[in-house]
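> Next up is a structure, given as structure tokens.
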Amino acid sequence: MADWAEGVRQENVLGTTTSAFRDAGSLRASPSKSARRGITLASASIGDAWLEVANVILTHGTPSTFSGLPLLECDLVTLDVQYPNPGDPIIAEHASQEWLAWMRSNFTNYSRVRELGDARSYASRLFDYMGSGRNQIAAVLETLRRDAHASYATITTLEPLTDVSYIPCVSLLDFWLRTGTLELARLMQRFDNFAFVSGVLA
């Protein structure tokens, strides 16, 4: 792994170059001594970002557990993807096709998700929020058509009155238009990079 120089690192992973930008002291210092924590990985594509965050987890991850299973985790990781193409060739070649299909179904199928304790799918949360009939995607589009500079074109997937068996990994989607380009920021809680990130990014 390449050394950090002035908080920036470039590295070649499977033939692609990725850059990482780090807040001062975020990885080497303990959290209690860090004025700012976290790391931003700037990558050209979804596949590049997936490989880069995997590298960071394996190199700098802190031992933890999830449901009794051991894992490595990094907190406050931001992925900055310049060209988020769902048909990314790295994802297509290396990610689990079974997980990709499952995740995409979660975003397109309104049925409850058995594997998540019969929780409501992402599709139902996006297009029928809390069973109210509110289409959050349509609302965001209308907001941005009305005001291209709106800072409140936001979607939440949390349904706090009914989310008992499952809290969505992707909890907030924030959209904005700048220089004619639609941009999206996603807020996610703990996430399994190897099983889930490829599917959600794609």
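Every read-out reported here was derived from the displayed coordinates using simple, explicitly stated rules and does not represent laboratory data. Please read these numbers as outputs of a predicted model, since none were measured by experiment. Note: ideal-geometry Cβ built from the backbone for every residue, glycine included; neighbour counts use all protein chains shown.
> Stick to the Cα atoms of the stretch 149-190, pair each with every other, and give me the Kirkwood hydrodynamic radius in Å at one decimal.
Every distinct Cα pair counted, the radius reaches 11.6 Å.
> Can you give the local net charge around D128? Use residues other than it whose beta-carbon is closer than 10 angstrom to its beta-carbon, Lys and Arg +1, Asp and Glu -1.
+3
> While we're here: With all distinct Cα pairs included, what does the Kirkwood hydrodynamic radius of the stretch 69-202 come out to in Å, to one decimal, could you say?
16.3 Å
> Working out 0.36 nm times the residue gap between L161 and A148, then minus their Cα-Cα distance, what length gain in nm do you get to one decimal?
Length gained between L161 and A148: 1.5 nm.
> Take each of the peptides 115-123, 65-73, 81-89, average the number of other beta-carbon atoms within 10 Å over its residues, and list them starting from the highest.
115-123, 81-89, 65-73
> At 7 Å along the Cα-to-beta-carbon direction for both A139 and L172, put a label point, then send me their distance in nm to one decimal.
1.5 nm
> Through the Karplus equation 6.51 cos²θ - 1.76 cosθ + 1.60, θ set to phi - 60°, convert the phi angles of the stretch 171-184 into ³J(HN,Hα) values in whole Hz; use x for Gly and Pro.
9, 8, 10, 10, 10, 7, 10, 9, 6, x, 10, 7, 10, 9
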